[in-house]
Amino acid sequence: MRRGWKMALSAGLRGCRRVLSWVPVLVIVLVVLWSYYAYVFELCLVTVLSRAEKVIYLIFYHAIFVFFTWTYWKSIFTLPLQPNQKFHLSYTDKERYENEERPDVQKQILVDIAKKLPVYTRTGSGAVRFCDQCHLIKPDRCHHCSVCAMCVLKMDHHCPWVNNCIGFSNYKFFLQFLGYSVLYCLYIATTVFSYFIKYWRGELPSVRSKFHVLFLLFVACMFFVSLVILFGYHCWLVSRNKTTLEAFCTPVFISGPKKNGFNLGFIKNIQQVFGDNKKFWLIPIGSSPGDGHSFPMRCMNESQNPLLANEEHWEDNDYDNPDYPEGSSSLAVETET
């Protein structure tokens, strides 16, 4: 009976947590809805007197607004990708691993499994990266998100403002959202500024629209400053082909730590997020190359590149790979969260 109450309480807490996680998103949505009302109705339809100016303001505003809301939607509802089945321990391996009481044998089991997979990164101590919660060998650049309770491919960070984990599947959309957010705030601020001055000087009658116009400029400038810093930081990350996690913790490869291990050069780094076709760079349509499990590396040539190699290469030539020298099976394995 007591166990049943504990399970019910735990389920209730998880439900409350899921509900509360949408509060930041709700706040953003309410601010955006108010900004739409304030700009379209209180500024353009009430305050602006010139018909031509109204039309121009509204056309450009709605063009930006569509991409702004579209990218925000994609950032929220594009689910993060998890590693595919070949990185998970099989039923036999999992049973053998869990039933084995000797740590050294457990480590050897995981090392043997890792040899058959295209993984080149290690933990800080040089051990094979294993998630003891998801029971899988982590692909390169994959990390476990404690909020989502799963391993996420090319995880960047968990963002409460979109209530989603930002990773391989939606990083492009998140970056576009930041860019269009900056443009949205900048457009509002520049077009509202002249009317803000007129209201401030008393050149326009003090009506209800005055509050909306004055507050709209303040909110736009406040969000612009914070967003442009965040957007600039992520642009820097893209130019170096790094994730937020990799910027704070240098990735470790089989040969050791390499701060620029995934840096392929400025143009190729951009293509790793936005794809080769430039006409899709500004549109929130998935175009990132690869499947999120393997990535080209600066220190590897084409024959060793896991992104260019097929699965048969990994399964048939594990011991021929120069990145797995003799004695590599003795590498320790640690669990990492």
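The values are calculated or read from the model by the stated rules, or taken from the named source; none is laboratory data. The shown structure was predicted, so the numbers you read here are calculated from the model rather than taken from an experiment. All Cβ positions, glycine included, derive from the backbone under ideal geometry; neighbour counts span all protein chains shown. These area figures cover heavy atoms from the full protein model, side chains too; ligands, DNA and RNA do not enter into them. Shrake-Rupley method; radii C 1.70, N 1.55, O 1.52, S 1.80 Å.
Looking at region 43-52, can you tell me whether even one residue there is hydroxyl-bearing (Ser, Thr, Tyr), touching a Ser or Thr at 6+ places or on another chain (Cβ under 9 Å) and either modelled with pLDDT under 95 or open to solvent by less than 90 Å² (accessible area, probe 1.4 Å) (or both)?
Yes, region 43-52 contains at least one residue that is hydroxyl-bearing (Ser, Thr, Tyr), touching a Ser or Thr at 6+ places or on another chain (Cβ under 9 Å) and either modelled with pLDDT under 95 or open to solvent by less than 90 Å² (accessible area, probe 1.4 Å) (or both).
Can you name the condition, by its number, that TYR37 falls short on among (1) more than 28 Å from the chain's Cα centre (by Cα); (2) outside the structural domain of TYR180 (by the TED database)?
In the conditions (1) more than 28 Å from the chain's Cα centre (by Cα); (2) outside the structural domain of TYR180 (by the TED database), TYR37 misses (2) alone.
Applying the selection to region 77-131, what residues are more than 24 Å from VAL152 (Cβ to Cβ) and among the hydroxyl-bearing types (Ser, Thr, Tyr)?
THR92
Quick check: is even one residue across region 252-265 of a type in the set (Lys, Arg), touching a residue at least 24 places away in the same chain (Cβ under 8 Å), touching a Cys at 6+ places or on another chain (Cβ under 7 Å) and not assigned by the TED database to the domain that holds ARG122?
Yes; the residues of region 252-265 include at least one that is of a type in the set (Lys, Arg), touching a residue at least 24 places away in the same chain (Cβ under 8 Å), touching a Cys at 6+ places or on another chain (Cβ under 7 Å) and not assigned by the TED database to the domain that holds ARG122.
Of the conditions (1) in contact (Cβ under 8 Å) with a residue 60 or more places away in the chain; (2) closer than 28 Å to GLY290 by Cβ; (3) more than 30 Å from the chain's Cα centre (by Cα), ASP93 fails just one. Which one is it?
ASP93 satisfies every listed condition except (1).
Which residue out of GLY179, GLY167 is in contact with a Lys or Arg (Cβ under 8 Å, 6 or more places away or on another chain) and at pLDDT 95 or above?
Result of the check over GLY179, GLY167: GLY167.
Would you confirm whether any residue within region 289-299 is crowded, with 19+ Cβ neighbours inside 10 Å and under 19 Å from SER75 (Cα atoms)?
Yes; the residues of region 289-299 include at least one that is crowded, with 19+ Cβ neighbours inside 10 Å and under 19 Å from SER75 (Cα atoms).
What pairs can you find where one residue is in region 210-227 and free of Cβ contacts under 8 Å to residues at least 12 places away in the same chain, the other is of a type in the set (Ser, Thr, Tyr), and their Cβ atoms are less than 9 Å apart, with a gap of 6+ or different chains?
Short answer, once both residue conditions are applied: LYS210/THR47; LYS210/TYR199.
Got a number for residues in region 227-275 being open to solvent by 50 Å² or more (accessible area, probe 1.4 Å), hydroxyl-bearing (Ser, Thr, Tyr) and under 18 Å from GLN176 (Cβ atoms)?
Selection size over region 227-275: 1.
Could you list, in sequence order, the residues of region 173-209 that are under 17 Å from LEU49 (Cβ atoms) and among the aliphatic types (A, V, I, L, M)?
Those that are under 17 Å from LEU49 (Cβ atoms) and among the aliphatic types (A, V, I, L, M): VAL192, ILE197, LEU204, VAL207.
Name the pairs: first residue in region 49-68 and more than 19 Å from PHE173 (Cα to Cα), second residue open to solvent by 50 Å² or more (accessible area, probe 1.4 Å) and assigned to a helix (DSSP H, G or I), Cβ to Cβ under 8 Å, at least 6 apart or on different chains?
Between residues of region 49-68 that are more than 19 Å from PHE173 (Cα to Cα) and residues that are open to solvent by 50 Å² or more (accessible area, probe 1.4 Å) and assigned to a helix (DSSP H, G or I), the close pairs are LYS54/LEU45.
VAL31 passes all but one of (1) modelled with pLDDT under 95; (2) open to solvent by less than 80 Å² (accessible area, probe 1.4 Å); which number fails?
(1)
Go through the residues of region 182-202 one by one and say whether even a single one is more than 11 Å from the chain's Cα centre (by Cα), within 23 Å of ARG240 (Cα to Cα) and modelled with pLDDT of 95 or more.
Among the residues of region 182-202, at least one is more than 11 Å from the chain's Cα centre (by Cα), within 23 Å of ARG240 (Cα to Cα) and modelled with pLDDT of 95 or more, which makes the answer yes.
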